[in-house]
1. Ranked highest first by the average count of other Cβ atoms within 10 Å around their residues, in what order do 75-85, 44-54 fall?
2. Of all alpha-carbon pairs in segment 9-62, indicate the percentage at a distance above 12 angstrom.
3. State the extension gain, in nm to one decimal, for the chain segment bounded by R60 and L19, taking 0.36 nm per residue of separation less the distance between their alpha-carbons.
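Laboratory data are not the source of any read-out in this text; all were calculated from the coordinates shown. Every value quoted in this text rests on a predicted model; they were computed, and no experiment measured them. Every residue, glycine as well, gets a Cβ built from its backbone with ideal geometry; the counts of neighbours run over all protein chains shown.
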Amino acid sequence: MFWAIDGTRQTAALLCQALIRTIQLPLCQADITLTQIPQGDSDTAFEARQDLAERLLQGRRAIGRDLDGILRDHVGTAGIALPGPRAVSNPFDTALIRIGADC
């Protein structure tokens, strides 16, 4: 928390506003307001929250999976064989480094 060392009321307010916008962004993108989120532990409230969570996830992409798929598509067209999915932990796999060095 570097900002706390020389923070002022103004910088704290700016940080608070930035955090609120960041937290609210997915809700705004899904057209959900805080008043739509039911309170309580009833089955109806739970199901409504599940429906809202599903709306939040619509259109989202799993970045790791997307990048892995893109990598596999491109190296496949170049004739490079990679180990099976989830076996490549980073883009510096030996198959890629070896091919990259030849380019």
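1. Values: 75-85: 10.5, 44-54: 12.2.
In decreasing order of mean packing, 75-85, 44-54 become 44-54, 75-85.
2. Details: 1013 of 1431 pairs.
When every Cα pair of segment 9-62 is considered, 71 percent fall beyond 12 Å.
3. Working: separation 41, 0.36 × 41 = 14.76 nm, distance 2.06 nm.
Stretched fully, the R60-L19 segment lengthens by 12.7 nm.
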